[in-house]
Amino acid sequence: MIHIKRYRPFLTRLLTRHLWPSLAGLTLSFSVSAQTQLGQTADRPWLEPTLNPDTRTQLLLKAMTQDEKLKLVFGYFSTDASWKNYQRPAEGLKQSAGYIEGNARLGIPVIRQTDAGVGVASQIGPDPWLRTALPSNLATAATWDPELAFAGGQMIGNEARLTGFNVMLAGGINLVRDPRGGRTFEYAGEDPLLSAMMVAAQIRGVQSNHIISTIKHFAFNNQETNRNTLSSKIGDTAARMSDLLAFQMAIEQSEPGSVMCGYNRTNGFYDCESAWLLNEVLKTDWGYKGFVMSDWGATHSTIPAANAGLDQDSGFPFDASPYFADALKEAVANGHVPQSRLDDMTTRILHAMFANGLFDHAAKKADIDFKDHALISRTDAENSMVLLKNNQKILPLTKDIKSIAIIGSHSDVGVLSGGGSSQVYPIGGLAVPNAGPKVFPGPTVFFPSSPLQAIAGRTSAAIIYDEGTDSKKAANLAAKSDLVIVFAHQWLAESIDGNLKLDGHQDELIKTIAKANKKIIVVLENGGPVLMPWLDKVAAVLVAWYPGTNGGEAIARVLSGEVNPSGHLPLTFPQSASQLPRPHIDGDINQPSLRVDVDYNIEGAAVGYKWFDRQGLKPLFPFGYGLSYTDFNYSDLHAEFSKEQLSVQFTMSNTGTESGMGVAQIYLAPAEAQTAIGWEAPKRLGGFKKFDLKPGQSAAASLVIDLRLLAVYNSAQKNWSIAAGDYNVSIARDAQTSVITCRIHVPAQTLNMRGEPQTFGDQK
Ligand code: BGC
C-alpha cells in the first residue's frame, strides 16, 4: 500500500478528481529504448562521443521538434500510487523518485532518477530496492575528509548506475540554520566551506559513474515545519555570504548536472519561481550551465516558473496541475514563455546529459559488489564518529572488564537511519520490523548491523542486553556490571522537525542508570545535535550519528580502539533551544498551509558557531570539536598574503601514544571589530586538513585560502571586497580552542564573483 506524504493529500485529491484521467494516456503511451540505438551516428551526429557537449547539444537541439523538447522538461513520479490510480511509467524503475521519457528517434536516453545522499533509496511500498547505505551526510561531513566523501559518492553512484538509474538526487547542502530541522542529517552542517568541500567531493564521486547528481534544495529550505508555504526572509548580502556561498563553492568544485529548487518560498517567491535565485544568482552571476529541476511538488505555476528559470518539472503528480505539460506548450505557443526559454531548458538538460556521459554509457542493471561497498560505508562511519567525552580514558575498552551491560536502542540487532525520501532499505531486511510511522516519513528503519554482536566479538567480558524500556530494570543490570554502554537515539525524518531531544524517555533512562554505575558510556545514534542533561553523570559520550549499513561494526571498532575516533562536529551542539536565533520554530506543523515568514535576517550570515561567537554564547560542544585516543599538537604556523594569494603553512604532530587521524582547523578573524568591516561574526573557518599520524610522527601542510573567506559581498557591485588591515590566522582544535595564532596584513582587494582578484574590465 502506498502512503501519502504529509503535505500532499490535498494535491492528491485534486489530481484524482481533475487531472488523472487525461494524464493516464500520457504516462502509458511511450515505449522507448534509446540506448539500444546508441552508436548510430551517421544521421545523428550528436551521438558521436568525440564531439564536445556544447556541439552535441546544439546539433541535437536543432533536430528536435517542439513536442520532443516539451517531453524532456516534464517529469513523472516513478512509484505506483494505486490510491490515485497512478501507475509509474512502464519504463520507470519501481518505488523510485522519477522518470523522464526518452526518445528513440533521436537516441535520447530515458532519465531514471533515484534518491538520495546515502545510497539508492526507495519510496515507501512493498518491494523496496535493498542497497548499501552510507552513514548520514552529516556524519560524512564529520569526517572532515573529502576523499572519504568522494569514495562514498562513487560507491552510491555505482549502485545507482548498476540499478539502472542515471540521475541521483544526492547533494543536500542547505546550511543547518536550525539544528532541529528534520533533514539536518541529510546536510553537511553549518559552515559554507566545510559543507561545500564535503558535498562537492560526494557529487564528484557520484558523477564519476557517468550519471548526473543534483545539488539541493536551492535555497533556504532550512526547516520542515510549513516547508511548502513558509517564506525565508534574507537579504542579498547575507544570503551570498552563507547558504548561497556553500552552493556556489560546491557547484564550482563539482559541476553537478542539476540543481533542485526547494519547496519553500524565499523573500516571498517560491524557490522554483524565484527569478532572483534561479536566473540571477545561479545562472547569470555564477554562470551555471546545468539545469534546474523542481523538488517533487515544488512547482506552482507554468509561466512564472518557466520564466524564472525552472528547466524541468519533477514528479508532476505532486503538483496541483501538470504545469509543464500542455500548459507550457500553450504558453510557448502564445509567447508568454519565449521559445528561446524552452530551447534553453532543453539545452541545459541535454548539456548535462552529454557532459556526464548519459548518452555514451547507458546505466544498466548488473551485479553490485555489496561486500566491498559495505566496507566503504564502514570506513566512512568509523571516521565520522565524534568522541565528545572520555573521562579517565575509559575508552577504548580495556581487556580487564569482566561484564558489560548493553542497554537500549535495539543495539542487540541494529543501528538507526534517518527517515523520508532518502531512506535506503537494507540488505537483510529491517532489523526492527514495524518501527515508527506507517505512513511517510516512516517507517523507522534500523539496519541489521548489531553493535552488541560486534562488541561481543571483540571482548572476553560477559555481555547482558537490556532493551531499556524499564529504567529501573536497566539500572539493576547496570549495578551488577563492570561497565555500561547505553545506546541512545534521536530519529529525525524529512517533513517533521525535531526538538534537540532524545526520543521518548531516554534522558531519564540514562540518568537512572548513571545512579547505579559511574562507568557509563553513551553511544548516540542521532540525526543532529541533542541536549545532554545527563552529561556530567556519564564517563564517555560517542556520537555515532546514523552510521549506515555496517554501523554496528563501525561503532564496535571505535569503542574497542581498533579505530581511533577522528570525527569532529560539523555543527554546534547548543546547551538549549534558547541559544538559537529562533528559540521556537516558526509556523505550525498542524497547519500545513500556513504562510509564515522565517526571518533569517536575525542571524544573517552568522550561522551556527558564528552566531554563538557573535552573541558571546557558550555552546554545549562547539563546532569542530572532537577528541581522540591520542594527542595532537601544532607548530610552525606561518601565513602569508602575497601575489594576491593567502597561504597558510603549519606542522601537525601526533604527541600521544596511539596512531590516529586529527583535523587541523584554520580560522580567520579580522584584528579589529568585525562589524567595522562588515563581517557577520568574529571569525570564519578558512581551511582544514586531516592527517593520519603515527605516535611521534609529524606532517607539514600548506593550504591556500579561498579569498571570499576574507571578504564581504557587495550586492550593488556584485563582487567581493577585502578590507585592508590586519587579520589573525589561527590553527585550532575547534571553533573555541585555538592553539597558535599569527597575524598578517592584507591590502584592500576586490574579487570577482568566483573570489578571484579582479583585474581591469573583469565583470564577473
Ligand atoms: C524531497 C527531495 C527528494 C524528492 C524525490 C522530496 O520530498 O524533498 O529531496 O529528492 O522528494 O523523492
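The values are calculated or read from the model by the stated rules, or taken from the named source; none is laboratory data. None of these values were measured; they are calculated from a predicted model. Quick reminder, even Gly has a Cβ in these numbers, built from the backbone with ideal geometry, and neighbours come from all protein chains shown. Side chains are part of the model used for accessible areas, which takes the heavy atoms of the whole protein and leaves out ligands, DNA and RNA. Shrake-Rupley method; radii C 1.70, N 1.55, O 1.52, S 1.80 Å.
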Residue (of G268, I234, Q202) at the positive-pole extreme of the stretch 201-321, dipole from beta-carbon charges: Q202
Dipole magnitude of the stretch 382-572 about its Cα centre (Cβ charges: Lys, Arg +1; Asp, Glu -1), debye to nearest 20: 620 debye
Gap separating the Cα centres of the stretch 487-526 and the stretch 299-362, nearest whole Å: 46 Å
Charge dipole (the stretch 630-760, unit charges on Cβ, about Cα centre) - positive-most of I731, A700, S647: S647
Summed side-chain charge close to P53 - residues other than P53 whose Cβ falls under 12 Å, Lys, Arg +1, Asp, Glu -1: -1
Candidate lysines - alpha carbon under 22 Å from K364, same-chain residues fewer than 8 apart omitted: K94
Derived scalar couplings ³J(HN,Hα) [the stretch 640-655; Karplus, 6.51 cos²θ - 1.76 cosθ + 1.60; whole Hz; x for Gly, Pro]: 9, 10, 8, 6, 6, 9, 9, 10, 10, 10, 6, 10, 10, 10, 8, 9
For the stretch 613-687 versus the stretch 176-233, the gap between their alpha-carbon centres in whole angstrom: 24 Å
Within the stretch 610-666, trypsin sites (Lys or Arg not before Pro) in DSSP loop having at most 12 other beta-carbon neighbours inside 10 Å: K643
Cα gyration tensor shape for the stretch 198-266, rounded if a/c is under 1.5, else prolate or oblate: oblate
Per-residue HN-Hα couplings for the stretch 574-584 [Karplus 6.51, -1.76, 1.60; θ = phi - 60°; Hz; x = Gly/Pro]: x, 7, 6, 5, 5, 7, 7, x, 10, x, 10
Förster radius 41 Å - calculated FRET efficiency between H336 and D692 (Cβ-Cβ, nearest 0.05): 0.10
T65 paired with D631, simple spin-label distance in nm, labels 7 Å along Cα-to-beta-carbon: 7.7 nm
Rounded if a/c under 1.5, otherwise prolate or oblate - the chain, Cα gyration tensor axes: oblate
Lysine-lysine proximity count for the stretch 630-760, Cα under 30 Å, sequence distance 8 or more or distinct chains: 5
Cβ-based net charge around I394, under 14 Å, with every Lys or Arg adding one and every Asp or Glu removing one: +4
Net charge over other residues, Cβ less than 14 angstrom from the Cβ of P583 (K, R count +1; D, E count -1): -2
Estimated 222 nm signal from helices in the chain, with DSSP H stretches of n ≥ 4 weighted -39500 (n - 2.57), rounded to 500: -7000 deg cm²/dmol
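Relative contact order for the stretch 377-521 using alpha-carbon pairs under 8 Å, separation at least 6, rounded to a whole percent?
Relative contact order for the stretch 377-521 comes out at 30 percent.
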Accessible surface of V563 - all protein chains present, 1.4 Å probe, nearest 10 Å²: 20 Å²
Relative contact order (percent, whole number), the chain, Cα cutoff 8 Å, 6+ residue spacing: 13 percent
Cysteines without a disulfide-compatible neighbour (Cβ-Cβ under 4.7 Å), the chain: C742
Residues T657 and S593, FRET efficiency given R0 of 51 Å [Cβ-Cβ distance, rounded to 0.05]: 0.30
Cβ-placed point charges (K, R +1; D, E -1), dipole of the chain about Cα centre in debye, nearest 20: 1000 debye
Table column - 3J(HN,Hα) (Hz), the stretch 669-681, Karplus curve with 6.51, -1.76, 1.60, x for Gly and Pro: 8, x, 5, 8, 3, 4, 5, 5, 10, x, 5, 7, 7
Most positive-pole-ward Cα, A104, F359, V663, against dipole of the chain from beta carbon charges: V663
